[in-house]
Structures are given as structure tokens and as C-alpha cells.
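*Asks:* Can you keep this structure in mind? I'll have questions shortly.
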Amino acid sequence: MKKGYWFRSRLFRVEPGEDDGVNPGMYGRQLALWLKEQLESHGQPVVDVISEDFGWCVRCQVSPFLLWIGCGDVTEVEPSKAMPTSSDPVWHCFPAAEASLIARLFKKHDMQPALSRLDVLLREILMAEPAIQLIEAS
């Protein structure tokens, strides 16, 4: 499922040094932590929030397959700027599911229902927040 949501919001700030654990210029920690709270308040368990090379990952499930939401900014920053200001970033988040190599070889898991439920919940959360201006959903 190649779904994703692109939006602007002043709810999330770029924290100094937050890209130390990811690729330089990749932000989204506050977005990931906010999503964690929102998901849990809607009854969706969250395992943890971790940094990834693309930004941040809200892991909702690790077994029998990974179910997660990727978060980050897609704003290009001019080299003269250390980081985008709170009004600059275009934020992006997307649901994803993936099976481990062993699970793909020996077990078949239908990940689509869980992924679809997570996508619906993510969309509801984003659409319900007045401080989020959705740019595109696919």
C-alpha cells in the first residue's frame, strides 16, 4: 500500500540535534511522539518510537509482522539555514507493514487488513486535528 499524507502544522517543532540519529536534515520526532499519543488514545497499541534513516518510526506491532507509521519532513532546507523553522516543514507520514525474511519464506500473513485499519485510523487522527492543514493524501 503506497499511502501517505502530506501536511503543514505548527504543532510540531524541529528540535535542535534531533537529526543526530537519522540522516542530516530529517526531522519529525515531535510528530512521531504526537502520533503515538493519538494512536494510544484511540486504542491502538504502540510498541515504541524509534529513529530511522528517513526520519522517525512509530512501531505499532512487531509480531507476527511489523506494522508501523513512518514520519518525517519533506522540506528542502537551504544550505545557509541550520534547520527549518516551525512554519516551514511539510510533514509526511505513511502506514506500512512488512514481514521478516523468515516469515516471508515460511509463513504467509495477510497484512492488508491490519494495514488498512491503521491507515483509516491515521487519516481520522490527521483530519480531526484543526491545526493540521492537509496538502495531499494518496
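*Asks:* I'd like the full set of residues that are closer than 17 Å to GLU129 by Cβ and either in contact with a Lys or Arg (Cβ under 8 Å, 6 or more places away or on another chain) or part of a helix (DSSP H, G or I) (or both), limited to the range 36-70.
*Replies:* Passing the criteria: LYS36, GLU37, GLN38, LEU39, GLU40, SER41, VAL58.
*Asks:* Considering each of ASP20, ASP53 in turn, give the residue that is modelled with pLDDT under 90 and over 13 Å from the mean Cα position of the chain (by Cα).
*Replies:* The conditions single out ASP20.
*Asks:* Next question. Here are some conditions: (1) closer than 24 Å to GLU129 by Cα; (2) modelled with pLDDT under 95; (3) loosely packed, with under 13 Cβ neighbours inside 10 Å; (4) not aromatic (Phe, Trp, Tyr). GLU78 meets all but one. Which one does it not meet?
*Replies:* (1)
*Asks:* Go through the range 1-34 and give me each residue that's in a helix (DSSP H, G or I) and of a type outside the set (Asp, Glu).
*Replies:* Of everything in the range 1-34, those that are in a helix (DSSP H, G or I) and of a type outside the set (Asp, Glu) turn out to be GLY21, ARG29, GLN30, LEU31, ALA32, LEU33, TRP34.
*Asks:* Please work out which residue is modelled with the lowest pLDDT, limiting yourself to the range 81-130 and to residues that are among the acidic types (Asp, Glu) and not in a loop (DSSP other than H, G, I, E, B).
*Replies:* If we take residues in the range 81-130 being among the acidic types (Asp, Glu) and not in a loop (DSSP other than H, G, I, E, B), then GLU98 is modelled with the lowest pLDDT.
*Asks:* I've got another one for you. Which residue pairs have Cβ atoms closer than 6 Å, lie 6 or more positions apart in sequence or on different chains, and pair a first residue in the range 118-136 that is surrounded by 11 or more Cβ atoms within 10 Å (Cβ to Cβ) with a second residue that is polar (S, T, N, Q) and in a strand (DSSP E or B)?
*Replies:* So the pair list comes out as ILE132/SER9.
The values are calculated or read from the model by the stated rules, or taken from the named source; none is laboratory data. Nothing here was measured: the structure is a model prediction, and the numbers come from that model. Cβ atoms come from the backbone with ideal geometry, glycine included; neighbour counts cover every protein chain shown.
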